[in-house]
Amino acid sequence: MLFGVLCFIVVVQVRSAAPPGPPQNISVDKWLLSWTPATKEEDVTYTVQYSSFDSRVWTDVPACIHISSYSCDVSSTKALGEHGCVMLRVQAEKKRGLTSKPVKACSRRGDSCTPDFSLTAGPGSLTVHLSRNYSLAMEHEDHAKYRVYYGKEGEPLKSYRDDVASVTIRELQEGQRYCTKVEYIYFDESVGPPTCTQCEVIPESKKDSKLTETVVAVVLVSVLLITFIAYLLIFQRGRIKQWLQPPYQIPDNFLLKPEHHLPISTSIPTEEHWDVISCISPEESRE
């Protein structure tokens, strides 16, 4: 009994000494920031911080410090960032000064701080449709770009492409699900929150699918043909022999003595006449 109580006390102390889990699903929609807790603990509070793209310093949002709720209005930060855009993040806190790793927020809809895009998946490729006509690009031209992050679903989106308009990512594995997120950058620095992740399945090539269908059809026809031929050879041999017989009937008198025969010639060949040639003996020729 005493041992069990001691174990319980140790477990409680260890849990109270561990930092809280980081918040999840952090997103902003019309300057309302919301998230979900990693664990439901009563003594956990949350603090929201912001940072402008021209400053890497993170500052607490005055209305969102040590709050126990899972959302906060961050519209006051709009006037604090250049172009009215700021990056946002949230971290969980416990008593005794234990804090979680801060997690950045994404934006659920496009605006002047976050791009609006759509996806089109093709065989081996994924196209991110983006517009060239946005306020940041009009003001700063090619110094303002899109940064498109991409990767397989469930993996960190570490790969990215920078461009001023739509981007097509090629050489992707067909049948796999790929995800993307996009943000504005100015001189290689993030301007506002990135978009929330969107995912699409990369379809298989039509040529490959047609080839597969053709192979399946050929195999199926071959199996049916072999089965039909085997059935005929095993169960229909007699009928096959009948089909193979020539369309000819043997006469009834085929084995009888023929009634008429061709006449046999009895004429004797005429004797041939030969001329007698006298020969000279050698003795006569000497005389």
- Query: Just from the alpha-carbon atoms, what are the Rg and Dmax of region 141-180 in angstroms?
  - Reply: 11.6, 38
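Around Thr47, under 9 Å between beta carbons, what's the net of Lys plus Arg minus Asp minus Glu among the other residues? Don't skip to the answer; put the middle values down first.
On the way: positive: none; negative: Asp60, Glu93.
Net local charge, Thr47 excluded: -2.
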- Task: Compute the semi-axes of the equivalent ellipsoid of region 118-201, taking the square root of 5 times each eigenvalue of the Cα gyration tensor, and list them largest first in whole Å.
- Result: 24, 13, 10
- Task: Taking the Cα centre of region 18-107 as origin, work out the dipole magnitude from +1 charges on Lys and Arg Cβ and -1 charges on Asp and Glu Cβ, in debye rounded to 20.
- Result: 200
- Message: How would Leu33, Leu233 line up from fewest to most surrounding beta-carbon atoms within 10 angstrom?
- Response: Leu233, Leu33
- Cβ-based exposure ranking for Tyr149, Tyr184, Tyr231, in which fewest neighbours within 10 Å come first: Tyr231, Tyr149, Tyr184
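Go through region 14-63 and name the trypsin sites (Lys or Arg not before Pro) that are in a DSSP coil and have 13 or fewer other Cβ atoms within 10 Å of their Cβ. Numbers along the way, then the final one.
Numbers: sites: Arg15, Lys30, Lys40, Arg56; in loops: Lys30, Lys40, Arg56.
Answer in residue order: Lys30, Lys40, Arg56.
Every number in this text was worked out from the coordinates using simple rules, so none of it is lab data. Model, not experiment: these values are computed from the prediction. Positions of Cβ are generated from backbone atoms using ideal geometry, with glycine treated the same way; all protein chains shown enter the neighbour counts.
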